[in-house]
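Notes follow the structure.
Just so you know, all these numbers are worked out from the coordinates, no wet-lab data involved. Keep in mind that what you see is a predicted model, and the values were worked out from it rather than measured. Glycine gets a Cβ as well: all are built from the backbone with ideal geometry, and neighbour counts include every protein chain shown.
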Amino acid sequence: MPEPDPTCSRVIVISGGTDGMGRALALARAGRGDTVVALGSNLDKGRRLLADADKSSVAGRVEFIRVDLSSVGQTRAAIGEIIARHDVIDALVLFANRQAPERTTTAEGFEQTFALYYLSRYILGYGLLSLLRRSEAGVIVNVAGVGMVKGKIHWDDLQLENDYGMVAAQLQAGRANDLLGVAFAEQPDNPVRYVLYHPGFTRSGDLSPLPAVLRASLSVAARLAARPIAESIAPIHEFIDTPPSAPLTAIDRGKPVPLTLRTLDPANARHLAEATSSLLETVDRARP
Ligand SMILES: NC(=O)c1ccc[n+]([C@@H]2O[C@H](COP(=O)([O-])OP(=O)(O)OC[C@H]3O[C@@H](n4cnc5c(N)ncnc54)[C@H](OP(=O)(O)O)[C@@H]3O)[C@@H](O)[C@H]2O)c1
């Protein structure tokens with residue numbers, strides 16, 4: 001491993017940094033001399049990450065915060081912990097996601113996939129913005145499915161109470177993340193760059209929540225057709241080391257996605273940002 005250059009070391013927060021692509025990025029960035037804060041809900045996975053960092057002699061450069069990112073309260077508490085420990089963040093990379101075959105709701109009343117895959121990314125991005133602004137080249141990389149036009153935002157039923165499906169929930173949250181990037185990049189006077197990144201089918205992903213038959217067929221498909229993790233995360237290193245000059249960049253498996261794509265519509269982005277802000281106000285009002 002090349003000796004890290006301490007003059008270039010960055011602070012990087014990785015949501016879902018304990019498994020799959022996020023974990024690989026965490027260890028790779030620590031190996032390059034960065035300080036990484038990995039967020040995940042599973043204590044054993046967090047411990048394994050720290051042990052592996054130790055084995056690679058980068059122990060002091062990896063921090064783990066155990067947090068259930070489907071909880072607004074816990075996500076905000078994690079932000080508080082990060083702010084207490086760090087003055088500046090150079091990159092926030094968003095990976096956390098999990099399939100939910102059945103509709104479940106969080107303690108705050110949100111549909112699980114909406115809360116984890118979309119809402120946590122909204123809260124982390126805006127909640128850490130003040131620290132990202134202090135970086136010379138702050139960037140957020142939202143790893144989801146930009147470029148896909150499948151799925152939709154169910155404007156009248158964001159929590160999918162009427163017609164839940166695991167795929168519909170994933171696609172809705174994916175399209176919501178597309179719009180999150182658009183709204184974030186529209187903020188005036190904002191030096192922090194936003195990158196929407198679709199990694200393509202990758203040899204990662206926790207299949208344990210899925211039914212056995214689907215799990216087996218996805219495992220076979222992954223062995224035959226999925227990209228190695230290192231290949232999928234390679235462009236993320238570039239986004240972190242040299243953030244794009246444009247406020248918003250969208251990349252689908254190496255190809256730029258035109259920002260005129262209908263899934264990146266600015267009016268829809270504003271509409272979703274307003275709806276999300278109202279939902280979070282209801283959480284605040286319900287607090288004792
Ligand atoms: N793999 C693919 O083929 C593919 C293709 C396109 C897009 N993507 C997107 O790329 C991203 C990363 O995928 P991946 O394959 O690397 O996923 P993964 O291996 O399943 O890792 C998911 C990460 O999210 C964390 N996580 C899950 N639920 C959480 C919760 N409630 N609170 C906190 N952390 C939680 C997990 O940690 P804990 O278990 O510790 O909670 C883990 O670190 C996802 O957004 C996915 O949709 C993946």
Subject >> 3J(HN,Hα) from dihedral phi, segment 209-223, Karplus parametrisation 6.51/-1.76/1.60, rounded to Hz, x for glycine, proline >> reply: x, 8, x, 4, 5, 5, 4, 5, 5, 5, 4, 5, 4, 5, 4
Subject >> Per-residue [θ]222 nm for the chain (sum of -39500 (n - 2.57) over DSSP H runs n ≥ 4, rounded to 500) >> reply: -13500 deg cm²/dmol
Subject >> Rg over Rh [alpha-carbon atoms, Kirkwood Rh] for the chain >> reply: 0.94
Original post:
In whole Hz, what ³J(HN,Hα) sequence does segment 186-192 give by Karplus (6.51, -1.76, 1.60; θ = phi - 60°), x for Gly and Pro?
Top reply: 7, 4, x, 6, 10, x, 7
Subject >> Antiparallel DSSP beta bridges within segment 6-286, percent to nearest 5 >> reply: 10 percent
Original post:
About the Cα centre of segment 6-286, what is the dipole size in debye to 20, counting +1 per Lys and Arg Cβ and -1 per Asp and Glu Cβ, all else neutral?
Top reply: 840 debye
**OP:** Name the residues whose placed amide hydrogens come within less than 5 Å of the amide hydrogen of residue 134, ignoring near sequence neighbours (fewer than 5 apart) on the same chain.
**Re:** 89
Original post:
Taking amide hydrogens as modeled 1.01 Å from N in the peptide plane, which residues meet the under 5 Å criterion relative to residue 86, leaving out close sequence neighbours?
Top reply: none
Subject >> Phi-based couplings in Hz for segment 246-260 (Karplus 6.51, -1.76, 1.60; Gly and Pro marked x) >> reply: 6, x, 10, 10, 10, 10, 10, 6, x, 9, x, 9, x, 6, 8
Original post:
Listed highest first by mean packing, meaning other Cβ atoms within 10 Å per residue, what order do 30-37, 265-272, 175-182 come in?
Top reply: 175-182, 30-37, 265-272
**OP:** Scan around residue 41 for amide H atoms under 5 Å from its own, H built in the peptide plane at 1.01 Å from N, and keep only partners 5 or more places away or cross-chain.
**Re:** 67
